[in-house]
Amino acid sequence: MYRRILFSFVALALLPISAQAATVSLNVALNTVAKTYEVFATINGASDGLASFSIDVIGAGGATVNTSVNKAPRVIDFNGNGDNSGFALFRTNGTTSSTSKLDLRASQDTTQTDPGFFIFGVGTTAPYLPVLLASGAYTGTVGTLTAQLHPGNSFNLFPADFEPGGSTVAATSVIPGSANLAVPEPATCVLAALGGIMALTIRRRRRHAA
């Protein structure tokens, strides 16, 4: 029995790195002056990069996502034959739903056997670390923008030992990213506190005077 346990432990330890778990973290960056946002993704763990994705950009608490543009990297006519490499398949800018943009997606053509059709290292190595997936505009002065995995879909990754014609693997988890539209400046907080103190002082003086 102990030999079986030891054998199982050794077998797990010798699994190829590509079979180990990889996760994806999303991040939302805001330009509060221009009222624009960008969504970035970073892969954590052993992987040769992002193969496909589908995200929602959710506006809540007074924030509305007005536009969304797919920014996943691709190369148009990369070989002079009209072929596109990178995230050229199933590419959409998302659909509008209330205050959000849903199911913004794209995929690399993993059926290809020519390595030239792929962009490897997306989300793992420069210049695609982190990788810009989407950008757009929003309205509102309060609330949050959140980027998250579209329900029922997955982020598919190239394993570290991927060969053209091989299979991709799903990320074990996709961690949402959020950004607040309005963050009070320290000076504003100080002024608010001073205002509250002054108001209390005035009330006390009036009570004593009465």
Please count how many residues of the stretch 135-157 are surrounded by 19 or more Cβ atoms within 10 Å (Cβ to Cβ) and within 13 Å of the chain's Cα centre (by Cα). 5
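Gly196: surrounded by fewer than 11 Cβ atoms within 10 Å (Cβ to Cβ), farther than 30 Å from Asn31 by Cβ and modelled with pLDDT of 95 or more, yes or no?
On the way: surrounded by fewer than 11 Cβ atoms within 10 Å (Cβ to Cβ): yes; farther than 30 Å from Asn31 by Cβ: yes; modelled with pLDDT of 95 or more: no.
Here the answer is no, as Gly196 does not meet what is asked.
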Taking the condition of being over 10 Å from the mean Cα position of the chain (by Cα), surrounded by fewer than 23 Cβ atoms within 10 Å (Cβ to Cβ) and within 15 Å of Arg74 (Cβ to Cβ), how many residues in the stretch 122-134 meet it? 2
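Determine which member of the set Asn79, Asn93 is part of a loop (DSSP other than H, G, I, E, B), in contact with a Gly (Cβ under 8 Å, 6 or more places away or on another chain), surrounded by fewer than 18 Cβ atoms within 10 Å (Cβ to Cβ) and not β-branched (Val, Ile, Thr). I'd like the intermediate steps shown before the answer.
Values: Asn93 fails: in contact with a Gly (Cβ under 8 Å, 6 or more places away or on another chain).
Residue meeting the stated conditions: Asn79.
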Quick check, is Ala134 modelled with pLDDT under 95 and closer than 17 Å to Tyr37 by Cβ? no
Cβ-Cβ under 6 Å, sequence separation 6+ or interchain: first residue in the stretch 79-92 and among the aromatic types (Phe, Trp, Tyr), partner in a loop (DSSP other than H, G, I, E, B). Which pairs? Phe87/Ala72; Phe87/Gln108
With the requirement that a residue be among the hydroxyl-bearing types (Ser, Thr, Tyr), part of a strand (DSSP E or B) and surrounded by fewer than 16 Cβ atoms within 10 Å (Cβ to Cβ), what does the stretch 30-63 give you? Thr36
Could you say whether any residue in the stretch 71-78 is farther than 14 Å from Ala106 by Cβ and modelled with pLDDT under 95? yes
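The values are calculated or read from the model by the stated rules, or taken from the named source; none is laboratory data. In this text the structure is predicted, and so the values were computed from the model without any measurement. Every residue, glycine as well, gets a Cβ built from its backbone with ideal geometry; the counts of neighbours run over all protein chains shown.
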